[in-house]
Each structure stands twice: as structure tokens, then as C-alpha cells.
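The values are calculated or read from the model by the stated rules, or taken from the named source; none is laboratory data. Being a predicted model, the structure only gives us computed values, none of them experimental. Ideal geometry is used to build each Cβ from the backbone, glycine not excepted, and the neighbour counts take in all protein chains shown. Surface accessibility is based on the protein's heavy atoms, side chains included, excluding ligands, DNA and RNA. Shrake-Rupley method; radii C 1.70, N 1.55, O 1.52, S 1.80 Å.
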Amino acid sequence: QVQLVESGGGLVQPGGSLRLSCAASGSVFSIIAMGWHRRAPGKERELVARITSGGSAAYADSVTGRFTISRDNAKNTVYLQMNGLKPMDTAVYYCYATTAVGNYWGQGIQVTVSS
């Protein structure tokens, strides 16, 4: 079992920045990759970014160049630095961890981009 706790969401103006954090606990040795999905109102959930245990990162086209995912293996924590935020980034962001036996999810955290 892996437990995930997200933090760092909130309200920000267009063009602003936020950093999301996701701390993993439990069977962290089994984690292959971690990342973030988001679900905007009325839309399907989409992958935002993910990073493997080896540090290889991938991003959705819509966030490439604005968002950066990183991880601190010593703290079992993954971060999503979000710069140049747009109203279209408004969503509930979910942290996830992939293991050999399946995916685990955080409870979700709200990010609202509005003036």
C-alpha cells in the first residue's frame, strides 16, 4: 500500500505560479513512477506530467514549457512547479504513484486560476 498526500494548491491570478507537492508513504520502495493528473469541470481527467524513479519526465502538450515535475527520493516527494498559469489550468489535481501491482491516488487538490 502507498499513501499519497498532496499540498500547495489554491487560488492564483493568470500568469502566476504555484508549486504542488505530493508526499508518499507506506511501500514507497515499490514505486516505479509518480505524476499528476487533473480534472477540469466538465472535462475528462488528463495526464499532466509524470516522472520515473530514474528521473525521466514527460508532460502533456498543454503544459510543456510551463510546468516542471521533479522528485526528491530522500523525502519520497514529487513536486509540480506550475508557472505561467492560465484559466484553462483550473482543475482538481491528483497525484498518483505507479507500482507493479497498480496505481495509487491522492485525494486531489484544487487549483484555481482566476483574476
Just the residues that are of a type outside the set (Gly, Ala, Ser) and open to solvent by 30 Å² or more (accessible area, probe 1.4 Å), please, taken from the stretch 91-108. VAL92, TYR94, THR98, VAL101, ASN103, TYR104, TRP105, GLN107
Within the stretch 1-49, restricting to residues that are without any contact (Cβ under 8 Å) to a residue 40 or more places away in the chain and assigned to a strand (DSSP E or B), the one that is surrounded by the most Cβ atoms within 10 Å (Cβ to Cβ) is ALA49
Name the residues in the stretch 50-78 that are assigned to a strand (DSSP E or B), β-branched (Val, Ile, Thr) and more than 20 Å from GLY108 (Cα to Cα), would you? THR52
Can you pull out the residues in the stretch 89-104 that are more than 15 Å from SER7 (Cβ to Cβ) and either in contact with a strand residue (DSSP E or B) (Cβ under 8 Å, 6 or more places away or on another chain) or in a strand (DSSP E or B) (or both)? ASP89, THR90, ALA91, TYR96, ALA97, THR98, THR99, ALA100, GLY102, ASN103, TYR104
Within the stretch 58-73, which residues are loosely packed, with under 15 Cβ neighbours inside 10 Å and over 16 Å from VAL2 (Cα atoms)? ALA58, ASP61, SER62, THR64, GLY65, SER70, ASP72
Quick test of your reading of the structure: ALA74 fulfils all but one of (1) modelled with pLDDT of 95 or more; (2) at negative phi. Name the failing condition by number. (1)
Taking first residues from the stretch 64-92 that are charged (D, E, K, R) and second residues anywhere that are surrounded by 13 or more Cβ atoms within 10 Å (Cβ to Cβ) and assigned to a loop (DSSP other than H, G, I, E, B), the pairs with Cβ under 8 Å that are 6 or more apart or on different chains are ARG66/ASN83; ARG66/GLY84; ARG66/LEU85; LYS86/PRO14; ASP89/VAL63
Do the conditions hold for GLN81, that is, is it surrounded by fewer than 14 Cβ atoms within 10 Å (Cβ to Cβ), polar (S, T, N, Q) and in a strand (DSSP E or B)? no
